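K.L.:
A single structure is presented below for examination.
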Amino acid sequence: MSETLLKVRNLKKSYGTHEVLKGVSFDIEKNNIVGLLGPNGCGKTSMIKSIVGLINDYEGEILINGIKPGMETKAVVAYLPERNFLAPWMTPQNAINYMADFYSNFDKEKAIKMAETFQLPLKQKIKTMSKGQQEKLQLLLVMSRKADIYILDEPLGGVDLVSREFILDTIMRNHAENSTILLSTHLIYDIEKVLDRVIMIKDGNLVVNKSVEEITADGAGTVEDLFREVFRYAPEAFKA
């Protein structure tokens, strides 16, 4: 019997008078790969920031392993933000050492091996590295943790097809055994084959929460078909 890892109940978040999340509720079970899908601006990032503890002024309830987001949950959540989180003066070696000091579940040896595989120079300053190199470094830092849940905010956005395949393969090969992945994206085709469950957010509302098996049962169609049906009036949802 599956256990609930993440519970979200009636989550609401506003910026001034603009309500970006309008009472969203769902559960995510352990050992699942879940796609958090929707066009840019639908509320995905605000939801993620609330789950990882970067936003606290929301209404509703969020529980990770039965605990509200805070210092205790940060120990079991590995978070890859949409934007660069590394100081420009750092080198990959500095970043790896920092993560090893900060997180007891960080595998330093694994990180160094991944850096070698990615051909990242350990002593080069991050500010002189290419955008692609910086993205690979951030990804390896997150995936070198033995976390309960990996929360990845648009890791495939803004890169070409080959890079997207590389990133997705890295995620699938390196997440901890029996862990859960929550992957936010608006690029469906690239990830459909690895998902167990799909959550779709539209205009701050939960509009789909189904297993991929339910969506595709009896030849009903693909996740991408359902995505196109739900967001047919949101053409930005299909932009790479």
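The values are calculated or read from the model by the stated rules, or taken from the named source; none is laboratory data. This structure is a prediction, so every number in the text was calculated from the model and none was measured. As a convention, Cβ positions derive from the backbone with ideal geometry for all residues, glycine included, and neighbour counts pool all protein chains shown. Just the protein is used for accessible areas: all its heavy atoms, side chains included, with ligands, DNA and RNA removed. Shrake-Rupley method; radii C 1.70, N 1.55, O 1.52, S 1.80 Å.
K.L.:
Just one of Lys131, Lys146, Lys123 is within 30 Å of Phe102 (Cα to Cα), open to solvent by 70 Å² or more (accessible area, probe 1.4 Å) and modelled with pLDDT under 90; which is it?
P.N.:
Details: Lys146 fails: modelled with pLDDT under 90; Lys123 fails: modelled with pLDDT under 90.
Going through Lys131, Lys146, Lys123 in turn, just one is within 30 Å of Phe102 (Cα to Cα), open to solvent by 70 Å² or more (accessible area, probe 1.4 Å) and modelled with pLDDT under 90: Lys131.
K.L.:
Within the stretch 43-64, can you find the residues that are of a type outside the set (A, V, I, L, M), open to solvent by 60 Å² or more (accessible area, probe 1.4 Å) and over 24 Å from Leu168 (Cβ atoms)? Reasoning before the result, please.
P.N.:
So in the stretch 43-64, the residues of a type outside the set (A, V, I, L, M) come out as 43-46, 49-50, 53, 56-61.
Okay, now just the ones that are also open to solvent by 60 Å² or more (accessible area, probe 1.4 Å), so 49, 56-57, 59, 61.
Result: Asn56, Asp57, Glu59, Glu61.
K.L.:
How many residues, within the stretch 192-216, are in contact with a Gly (Cβ under 6 Å, 6 or more places away or on another chain) and β-branched (Val, Ile, Thr)?
P.N.:
Number satisfying all stated conditions: 2.
K.L.:
Could we say that Asn40 is assigned by TED's automatic domain parsing to the domain that holds Asp190, touching a residue at least 12 places away in the same chain (Cβ under 8 Å), open to solvent by 10 Å² or more (accessible area, probe 1.4 Å) and at positive phi here?
P.N.:
On the way: assigned by TED's automatic domain parsing to the domain that holds Asp190: yes; touching a residue at least 12 places away in the same chain (Cβ under 8 Å): yes; open to solvent by 10 Å² or more (accessible area, probe 1.4 Å): yes; at positive phi: no.
Here the answer is no, as Asn40 does not meet what is asked.
K.L.:
So which residues in the stretch 173-221 are at pLDDT 90 or above, open to solvent by 40 Å² or more (accessible area, probe 1.4 Å) and under 20 Å from Glu82 (Cβ atoms), if there are any at all?
P.N.:
Once the filter is applied, which keeps residues that are at pLDDT 90 or above, open to solvent by 40 Å² or more (accessible area, probe 1.4 Å) and under 20 Å from Glu82 (Cβ atoms), the stretch 173-221 yields His175, Lys202, Asp203.
K.L.:
Just need a number here: residues in the stretch 20-48 that are charged (D, E, K, R), within 23 Å of Phe231 (Cβ to Cβ) and modelled with pLDDT under 95.
P.N.:
Adding up the residues that qualify gives 1.
K.L.:
Which of (1) exposed (fewer than 14 other Cβ atoms within 10 Å of the Cβ); (2) out of contact with any Gly (no Cβ under 9 Å at 6 or more places or on another chain); (3) within 25 Å of Val223 (Cβ to Cβ); (4) small (Gly, Ala, Ser) is the odd one out, the single condition Ala87 does not satisfy?
P.N.:
(3)
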